[in-house]
Amino acid sequence: MTGYYSVYVSEYGAIVPRITAGTSAVSSFLIICLLLRSKTKLSTIYNRIMFGMSMADVLGSLAMSLTTLPMPVEMPREEEFGYKFAGTRLGNVQTCEAQGFFFTFGVFTAIPYYAALCIYYAFALGVMMPEAKIRKRVEPFLHLIPLLVGLYVSIVPLRYEFYNPTMFDSWCNIGRYPLYEQNLDGNGFSGTRGYKTRAFDMHEIEGFILAAIGVTLILVVTSLSTVLWRVFRTQRLLTRHEQPMTPRSDSVQNEGAENYQRAIRTHLATKVAVIQVVGYIS
């Protein structure tokens, strides 16, 4: 059988993710260090969300940066199935599964954390909910849901032998071995992985992943829309009343000026928050 060709099985496909994913892991690690060395440490909701998101990115990026190294030195019938990776392979089935697990857990925990950050901004800046109320009523779900999604998406493939080398990634990821059932010949399912059970089909985990990504996008768009609505509304009010109305007493005048300046500072902080969220997502 002729082998597949994909950029992921080339030397280029093995080297580039080591650089990009390695850079991402180092960047997230630096964010963690800055959070832990800051005055507030993990005492604020924002810092705790960023800590969880950065930890997930470190796990996923480190697993990805190893590329072909954890792959089995030789897979059964790989020449017959047409699998040829140019990158160095030093692992076995267990190291491949570990790489796939940590990559999947990291990615699908970080993605909901992006939504959690947007939701936090929506409550804090869009709805103007007090921090104490967000901490009590909202924050537990901002951590629980990303962890549950990440654990579910990463544990199920581990149970059904779905972590394998694939021709569309230069690291072990979710996919049967071989990737397509039509690649099998008269020898049947011997030497394959992910075909031993029909109790759980690949399409089910793929459907859950697509649903999770879709819900995340909806939450991000909705949350950012709430924050942007607050930005535009505040901007209109500040433009309409560039100076506070002339009060009847000096004390009221000073209070009005302070409220006006406080509104400007809050408005600027909201703009900065929107830029930060867009930067994290992109």
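The values are calculated or read from the model by the stated rules, or taken from the named source; none is laboratory data. Values in this document were obtained by computation on a predicted structure and should not be read as measured data. No Cβ is skipped: glycine too gets one built from the backbone with ideal geometry, and neighbour counts run over all protein chains shown. We work out accessible area using only protein heavy atoms, side chains counted, and drop any ligands, DNA or RNA first. Shrake-Rupley method; radii C 1.70, N 1.55, O 1.52, S 1.80 Å.
In whole Hz, with x marking every Gly and Pro, tabulate ³J(HN,Hα) for region 80-90 from phi via Karplus 6.51 cos²θ - 1.76 cosθ + 1.60, θ = phi - 60°.
Karplus-based 3J(HN,Hα) across region 80-90 equals 5, 7, x, 8, 9, 10, 6, x, 5, 10, 10 Hz.
Note down the accessible area of S28, probe 1.4 Å, to the nearest 10 Å².
That residue has around 10 Å² of solvent-accessible surface.
Accessible area, 1.4 Å probe, largest first: how do V156, V93 sort?
Largest accessible area first, the residues go V93, V156.
Under the Karplus relation 6.51 cos²θ - 1.76 cosθ + 1.60, θ = phi - 60°, what is the ordered set of whole-Hz ³J(HN,Hα) values for region 24-33, x standing for Gly and Pro?
5, 5, 5, 4, 5, 5, 5, 4, 4, 4
So what does the Cα-only Debye profile of region 50-133 read at q = 0.17, 0.20, 0.21, 0.25 Å⁻¹, as log10 I(q)/I(0), no solvent term?
-0.75, -0.89, -0.94, -1.09
About the Cα centre of region 126-176, what is the dipole size in debye to 20, counting +1 per Lys and Arg Cβ and -1 per Asp and Glu Cβ, all else neutral?
280 debye
Using packing as a proxy for protection, rank 97-105, 44-52, 129-137 so that the peptide with the highest average count of other Cβ atoms within 10 Å comes first.
The densest-packed peptide leads the list: 97-105, 44-52, 129-137.
Provide the per-residue ³J(HN,Hα) series for region 37-48, in order, calculated from phi with Karplus coefficients 6.51, -1.76, 1.60 and θ = phi - 60°, each as a whole number of Hz, with x at glycine and proline positions.
Going residue by residue, I get 9, 6, 5, 7, 6, 10, 7, 10, 4, 4, 5, 5 Hz, with x marking Gly and Pro.
How do 113-120, 202-209 rank on mean C-beta neighbours within 10 Å, highest first?
Order by mean packing, descending: 113-120, 202-209.
Quick one: Debye curve from the C-alpha atoms of region 1-120, no solvent, what's log10 I(q)/I(0) at q = 0.15 Å⁻¹?
So the normalised log intensities work out to -0.74.
Does region 1-60 come out rounded, prolate or oblate by the C-alpha gyration tensor, with a ≥ b ≥ c the root eigenvalues, rounded set by a/c under 1.5 and, if not, prolate when a/b is larger than b/c and oblate if not?
prolate
With contacts defined as alpha carbon pairs under 8 Å and 6 or more residues apart, what's the relative contact order of region 1-60 in percent?
Here the relative contact order equals 34 percent.
How long are the semi-axes of the equivalent ellipsoid of region 107-161, taking √(5λ) for every eigenvalue λ of the Cα gyration tensor, in whole Å from largest down?
29, 10, 5
Going by amide H atoms built from the backbone, whose H comes under 5 Å of the H on R193, apart from near neighbours?
Y177
Give me, ordered by chain and number, the residues 5 or more places off S10 or on other chains with an amide H under 5 Å from its own placed amide H.
The answer is A86.
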